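All remarks here apply to the structure that follows.
The values are calculated or read from the model by the stated rules, or taken from the named source; none is laboratory data. From a predicted model like this one, the values you see are computed outputs, not experimental measurements. Neighbour counts run over all protein chains shown; Cβ positions are idealised from the backbone, glycine included.
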Amino acid sequence: MSGDHLHNDSQIEADFRLNVKQENPGELVKESETHYGLKDSHKHKDKHKDREHRHKEHKKDKEKDREKSKHSNSEHKESEKKHKEKEKTKHKDGSSEKHKDKHKDRDKEKRKEEKIRASGDAKIKKEKENGFSSPLRIKDEPEDDGYFASPKEDIKPLKRPRDEDDADYKPKKIKTEDTKKEKKRKLEEEEDGKLKKPKNKDKDKDKKVPEPDSKKKKPKKEEEQKWKWWEEERYPEGIKWKFLEHKGPVFAPPYEPLPESVKFYYDGKVMKLSPKAEEVATFFAKMLDHEYTTKEIFRKNFFKDWRKEMTNEEKNTITNLSKCDFTQMSQYFKAQSEARKQMSKEEKLKIKEENEKLLKEYGFCIMDNHRERIANFKIEPPGLFRGRGNHPKMGMLKRRIMPEDIIINCSKDSKIPSPPPGHKWKEVRHDNKVTWLVSWTENIQGSIKYIMLNPSSRIKGEKDWQKYETARRLKKCVDKIRNQYREDWKSKEMKVRQRAVALYFIDKLALRAGNEKEEGETADTVGCCSLRVEHINLHPELDGQEYVVEFDFLGKDSIRYYNKVPVEKRVFKNLQLFMENKQPEDDLFDRLNTAILNKHLQDLMEGLTAKVFRTYNASITLQQQLKELTAPDENIPAKILSYNRANRAVAILCNHQRAPPKTFEKSMMNLQTKIDAKKEQLADARRDLKSAKADAKVMKDAKTRKVVESKKKAVQRLEEQLMKLEVQATDREENKQIALGTSKLNYLDPRISVAWCKKWGVPIEKIYNKTQREKFAWAIDMADEDYEF
């Protein structure tokens, strides 16, 4: 047999296979088998030897078929894995021409053979009766390849090269409408396959899967470990703890002198101050731009105390505060403040880590085998006293607190905290009938300051719980008390009448009792018992109402209380009687003080005080307002607005006012800008929806209907966002001068709010922030949606 003859035969075979592939790839196996039969008839002259050879090969094929039919499922899976690995190596290789000539033809033949076997043995028998067996090339492949199962995820990579090679083969694209969907589905299945494969291959990854779950469960474990003290028995009356251990307080850092470049001027000349005098001067310099430094009483008190810290030479020189120039000092501290703001992330992180380290060491104590957070473990640094309102002592020097001023309170069997080196504590006590850890006496008003536990602690929580339970007890007997003081309005004793009218004001107006104070020591603030004649005006008729009392006085924190209240006729007549023959500065209730009032309240109900009345009226008002204002069909933002309005009614009752924030106008402008932008977005979305509806009427197909639904959802989403912004604007405007937080944290039973949230599906996070939720953990755990104050 000549070389030319063999070359021609191989060329004919290649051309024939390419034509078959292009014209009808589905018949490739059959045609190739026929071609091999024709080729063999011309190839050898000795037909007898060839037939024997083919007969032997035919027998071997039969034996292999029998062996293949006996393969187990495990061998079948192994063959699939081998084929997958082989296919991956094929597709990673970028040489498509090489695969095109060698591997693809054989793959197609094998797939065709599998289809023929699946369709039935009749076709195979028919081919073998005609004398055609499987091609020799298939015989050379591994036996496991004959059991290629063609899973979906593996068919796709094989099909994709075929689509690229057979560009002229168009029968696939008969259904043009579903082509995009089909491609999308194929890509999704491929991605699913890719995601599944690593799990099958890498067993170590499967072992690591539970790690994220374990991380997620950590916070839950912490919650489970939280001390539910409200589920335990309470200690006997008066006992606050059995074991208490802590590290003591953290003192203010020592003073660091100013750099030499920062000068102090007196009467235009540079003057070097002593360290003590310089430190006090910096307190004033830090407040130079504040309104306080313009007040005469502040300047007078500061200069008086500053001179006490000066040397004799400095006292002789510095005689007039107006000649002192603190400008460079002030600029230095402003620059320091700006530098802190411009710190790098690394610097801020370092400071944060230092603070956290300090918190871990000093910010917790051990109380009765539980780790409790301490509220204020740092001693207040020295500075200038500001006070509230027009306090007569503003500007005075708050001196530095030293360890020798400190009283430590802990249990006898605890490790007593060590004072700083070279110092000692004033005293160490072991008093388990008080809740404070550290105490000292401040020098301005002589009041005692304390380091206490955090509001989330058991001691604070128990105190709150007891306060609201006392207010709930008042609910049961308040009608009896009200009937009693109404009867006392007619008493023959002036003392009883005054007490009854004062109690009426405390009940109806939620006024504070008002404690006696030394004149000149504090701001001129008053409460109910300390009202003066000048604080009220009587109007037999005003604005269409009879018997109106006009109140105008400074209450706690020098906040003005101004109110016009219609009262009962007998109260009005008694007030006229109390004011007879008195000067404006005389006491209205001249035969009453807080001690007399509180003793009477204790006789009416154990534990009853004026504050209990405020707590009761605040809580009952909130509950009533929530019932009136909450609409079941409102969304969450609208319900929150209703809650804030109910809270606002309580704040007004308790006179919890505030000055509008300095940034109020700017924040409202920013909010209005957001509202305007959202309105424009909503208008655009509505136009898009209208256009989509018009298209849907014309097209009337599934695609346009889906577009309409999508546009509807977009409009609804924008409407909700706009409503939320508008509610926020209304809420801010209504409450710009009302302090909602004071009543929420101190006068409103938290169980009312928790029950309301649970009843109406409002997240508690919308009412209480994280710190407040920790403070009221007992209420959140206790109250269900049916709770009634």
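Descriptive notes on the structure:
- Screening Glu279 on (1) farther than 30 Å from Ser414 by Cα; (2) among the acidic types (Asp, Glu); (3) at pLDDT below 95 shows it passes everything except condition (3).
- Residues satisfying the stated conditions in the stretch 236-274, i.e. among the small types (Gly, Ala, Ser) and closer than 24 Å to Glu462 by Cβ: Gly238
- Answer from Asp368, Asp289 - the residue that is surrounded by fewer than 18 Cβ atoms within 10 Å (Cβ to Cβ), in the same structural domain as Val434 (by TED's automatic domain parsing), at pLDDT below 95 and of a type in the set (D, E, K, R): Asp368
- Hits in the stretch 738-756 (condition: at pLDDT below 95 and assigned to a helix (DSSP H, G or I)): Leu740, Gly741, Thr742, Ser743, Lys744, Leu745, Asn746
- One residue alone among Lys247, Lys276 is part of a helix (DSSP H, G or I) and either in contact with an Asp or Glu (Cβ under 9 Å, 6 or more places away or on another chain) or under 28 Å from Pro420 (Cβ atoms) (or both), and that residue is Lys276.
- For the stretch 642-678, a residue qualifies if it is hydroxyl-bearing (Ser, Thr, Tyr), part of a helix (DSSP H, G or I) and either more than 28 Å from Thr630 (Cβ to Cβ) or outside the structural domain of Tyr747 (by TED's automatic domain parsing) (or both), and exactly one does: Thr673.
- Candidates Phe303, Phe283 - the one that is within 30 Å of Tyr362 (Cα to Cα) and in a helix (DSSP H, G or I): Phe283
- Meets criteria (surrounded by fewer than 14 Cβ atoms within 10 Å (Cβ to Cβ) and either outside the structural domain of Leu641 (by TED's automatic domain parsing) or within 29 Å of Met669 (Cβ to Cβ) (or both)) for Glu726: no
- If you go through the stretch 531-547 and keep only what is touching a helix residue (DSSP H, G or I) at 6+ places or on another chain (Cβ under 9 Å) and under 21 Å from Gln657 (Cβ atoms), you end up with Leu531, Ile536.
- Consider the stretch 306-321 and keep the residues that are surrounded by 17 or more Cβ atoms within 10 Å (Cβ to Cβ) and in a loop (DSSP other than H, G, I, E, B). The one that is nearest to the chain's Cα centre (by Cα) is Met310.
- Checked against the criterion of being part of a helix (DSSP H, G or I) and closer than 23 Å to Ala739 by Cβ, the candidates Lys480, Lys573, Lys508, Lys495 yield just one match: Lys508.
- Residue check for Glu726: part of a helix (DSSP H, G or I), over 24 Å from Tyr616 (Cα atoms) and under 18 Å from the mean Cα position of the chain (by Cα): no
- For the stretch 621-629, the criterion of being of a type in the set (D, E, K, R) and over 15 Å from Tyr747 (Cβ atoms) is satisfied by at least one residue.
- Qualifying residue in the stretch 346-365 (condition: part of a loop (DSSP other than H, G, I, E, B) and either under 27 Å from Lys775 (Cβ atoms) or among the charged types (D, E, K, R) (or both)): yes
- Any hit, the stretch 640-649, residues being without any contact (Cβ under 8 Å) to a residue 24 or more places away in the chain and within 30 Å of Cys757 (Cα to Cα): yes
- Qualifying positions in the stretch 265-285 - crowded, with 17+ Cβ neighbours inside 10 Å and more than 15 Å from Thr319 (Cα to Cα): Glu278, Glu279, Val280, Thr282, Phe283, Phe284, Ala285
- Residue in the stretch 419-435 that is under 35 Å from the mean Cα position of the chain (by Cα), surrounded by 14 or more Cβ atoms within 10 Å (Cβ to Cβ) and polar (S, T, N, Q) present: yes
- With respect to the conditions (1) assigned to a loop (DSSP other than H, G, I, E, B); (2) over 42 Å from the mean Cα position of the chain (by Cα), Glu606 lacks only one, and its number is (2).
- Candidate set from the stretch 388-418 (those that are among the small types (Gly, Ala, Ser) and at negative phi); member that is surrounded by the fewest Cβ atoms within 10 Å (Cβ to Cβ): Ser418
- Residues in the stretch 522-560 that are of a type in the set (Ser, Thr, Tyr) and at pLDDT 90 or above: Ser530, Tyr547.
- Whichever residue in the stretch 671-694 is among the aliphatic types (A, V, I, L, M) and loosely packed, with under 13 Cβ neighbours inside 10 Å and, among such residues, is farthest from Lys711 (Cα to Cα): Ala677
- Residues satisfying the stated conditions in the stretch 757-789, i.e. crowded, with 20+ Cβ neighbours inside 10 Å, part of a helix (DSSP H, G or I) and of a type in the set (A, V, I, L, M): Ala779
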